[in-house]
Amino acid sequence: MRKLFYIIVGLQIAFLLVQAGSTQIKLMRGKVVRLSTVPVDPRSLFMGHYAALSYDISRIDLAAMGQVDHAKQYTRDRTVYVLLQNDRRGLAKPSGVSLTMPSSDQGQLFIRGRIKHASGRGIWVDYGIDRYYIPEDKEDYVNSLMWGTNGRQRKIEVEAVLDRGGSATIRNLYVDGKPLGF
């Protein structure tokens, strides 16, 4: 009985180490992109303070990309791969949408997401990086950074790392070009 207990505890520890290790490997080896965001500052009773983030690349105009003919294929809860291209400021902008994962040997930058809503001309995509958790003792500091003393919202950007499958992980948050760093 004791041996079974140790095996179960060992498997749980191994699972946690694999989860943490895979995230660290993604952060070290993935491709880095900067995304423009619009933050909100909610609180979760169970998970603490976080900045809820909405991205410019979340709302995709299929007509602007010449893909309106294929709009019926883009339905709710479907996985999509949004092709990205950096603009002159270094921010990633959508340049196309695909239902199949692009080949990684072509060097194409893409992010994987799930369609939350689809209309005739556009789709709204969730990338799974809509929350940035803030230490409780830093909440006032972050609020003053994001909103400033005069209540003007500052420019917020997210530095995300993309793995080979397009899955994103937030690495850092930038407020007016300065890293938040925790």
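We did not get these values from a lab; they are worked out from the coordinates using the rules stated. Remember, predicted model here, so these are calculated numbers, not experimental data. Neighbour counts are summed over all protein chains in view; Cβ atoms, including those assigned to glycine, are modelled from backbone coordinates with ideal geometry.
Can you give the net charge of the other residues whose Cβ lies under 13 Å from the Cβ of GLU157, counting K and R as +1 and D and E as -1?
In short, +3.
Per residue of region 127-137, what does 6.51 cos²θ - 1.76 cosθ + 1.60 with θ = phi - 60° give for ³J(HN,Hα)? Whole Hz please, x for Gly and Pro, Karplus curve as stated.
Running phi through 6.51 cos²θ - 1.76 cosθ + 1.60 with θ = phi - 60° gives 9, x, 10, 9, 9, 10, 7, 10, x, 4, 6 Hz.
Subtract the Cα-Cα distance of SER119 and TYR133 from 0.36 nm times their separation in residues, and report this length gain in nm to one decimal.
1.9 nm
Need the full-extension length gain, ALA52 to LEU91, defined as separation in residues times 0.36 nm minus the C-alpha distance. One decimal, nm.
Here the answer is 12.1 nm.
Stretch TYR6-ILE25 to full length: gain in nm at 0.36 nm per residue minus the Cα-Cα span?
So the extension gain works out to 4.1 nm.
Under 5 Å between amide H atoms, partner at least 5 residues away or on a different chain: which partners does ASN172 have, H built in plane at 1.01 Å?
Answer set, sorted by chain and number: GLU159.
Enumerate the calculated ³J(HN,Hα) couplings along region 27-36 in order (Karplus 6.51 cos²θ - 1.76 cosθ + 1.60, θ = phi - 60°), each rounded to whole Hz, writing x wherever the residue is Gly or Pro.
Coupling constants for region 27-36: 5, 7, 9, x, 8, 9, 10, 10, 10, 7 Hz.
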